[in-house]
Amino acid sequence: MGVFNPGLLIDFDCENFEADITVSSGPGFTDLAEITLTVNSPTNAVWLNAYATWVGTSAADFITFRFVRDDNVVLCSAIDSVDQANQPDTTAFSCCDTDVDAGVHTYTLQASVTHPSGGPQTAVTFTMGSFQGAVINS
């Protein structure tokens with residue numbers, strides 16, 4: 001029984017990351033995790049969800065997270081800030097990709113760190129997280 005009709009879930013992938021990944025302030029994004037999903041029809045929707053636990057070295061820093069399809073299509077992003085330097089924080093966000101062609105697609109969770117004052121380089125260390133994706137027959 002349940003909430004889902006048979007055949008509603010087409011594909012699912014999940015990648016957990018636990019190794020320390022350090023991202024320094026500056027231009028560009030760093031890959032945190034990657035998943036691969038198969039879309040059967042352009043009417044399918046892809047639901048992406050992620051969380052990351054991190055520690056920042058400066059309370060002035062901003063962290064931008066984004067989901068990217070096939071290395072070049074930025075789907076959505078979220079911005080968080082360091083509440084207190086050297087204290088763990090967690091960010092979670094979700095996104096739906098509803099305009100995707102049938103086929104196998106790679107989705108990447110990326111992050112960048114911005115230090116707005118232009119002062120010395122700072123960093124954020126990601127200590128754990130998870131990135132999940134599901135293809136839904138819509």
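So that you can scan it fast, the table gives a plain yes or no per residue for (1) open to solvent by 60 Å² or more (accessible area, probe 1.4 Å); (2) on the phi > 0 side of the Ramachandran plot; (3) in a loop (DSSP other than H, G, I, E, B):
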| site | (1), (2), (3) |
| --- | --- |
| N16 | yes, no, no |
| T22 | yes, no, no |
| T36 | yes, no, no |
| P42 | yes, no, yes |
| L48 | no, no, no |
| A52 | no, no, no |
| A60 | no, no, yes |
| R66 | no, no, no |
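So that you can scan it fast, the table gives a plain yes or no per residue for (1) modelled with pLDDT under 95; (2) within 11 Å of L48 (Cα to Cα):
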position	(1), (2)
V104	no, no
G119	yes, no
T125	yes, no
V135	no, yes
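Residues are listed down the side, and each one gets a yes or a no for (1) under 12 Å from the mean Cα position of the chain (by Cα); (2) aromatic (F, W, Y); (3) under 14 Å from F126 (Cα atoms):
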{"site": "I35", "(1), (2), (3)": "yes, no, no"}
{"site": "P42", "(1), (2), (3)": "no, no, no"}
{"site": "Y51", "(1), (2), (3)": "yes, yes, yes"}
{"site": "S58", "(1), (2), (3)": "no, no, no"}
Exercise. Please specify each residue of the stretch 68-106 satisfying the condition of being open to solvent by 80 Å² or more (accessible area, probe 1.4 Å) and of a type outside the set (A, V, I, L, M).
Key: D71, N72, D83, Q84, N86, Q87, P88, C96, T98, D99, D101
Quiz prompt | Any pair with Cβ under 6 angstrom, 6 or more apart, that starts in the stretch 51-80 at a residue that is touching a residue at least 60 places away in the same chain (Cβ under 8 Å) and ends at one that is crowded, with 20+ Cβ neighbours inside 10 Å and of a type in the set (S, T, N, Q) | solution = T57/T122; S58/T122; D61/T122
Quiz item: Scanning for something closer than 23 Å to I10 by Cβ, in contact (Cβ under 8 Å) with a residue 12 or more places away in the chain and touching a strand residue (DSSP E or B) at 6+ places or on another chain (Cβ under 7 Å), does the stretch 110-129 turn up at least one residue?
Solution: no
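I'm trying to understand the selection: among the residues of the stretch 113-129, which are open to solvent by 10 Å² or more (accessible area, probe 1.4 Å) and either within 20 Å of A78 (Cα to Cα) or assigned to a strand (DSSP E or B) (or both)? Reasoning before the result, please.
Applying the first criterion (open to solvent by 10 Å² or more (accessible area, probe 1.4 Å)) to the stretch 113-129 yields 114-123, 125, 127-128.
Of everything in the stretch 113-129, those that are open to solvent by 10 Å² or more (accessible area, probe 1.4 Å) and either within 20 Å of A78 (Cα to Cα) or assigned to a strand (DSSP E or B) (or both) turn out to be T114, H115, P116, T122, A123, T125, T127, M128.
The values are calculated or read from the model by the stated rules, or taken from the named source; none is laboratory data. All values reported here derive from a predicted model rather than from experimental measurement. Cβ atoms come from the backbone with ideal geometry, glycine included; neighbour counts cover every protein chain shown. To get the accessible areas, we keep the full protein, side chains included, count just its heavy atoms, and leave off ligands, DNA and RNA. Shrake-Rupley method; radii C 1.70, N 1.55, O 1.52, S 1.80 Å.
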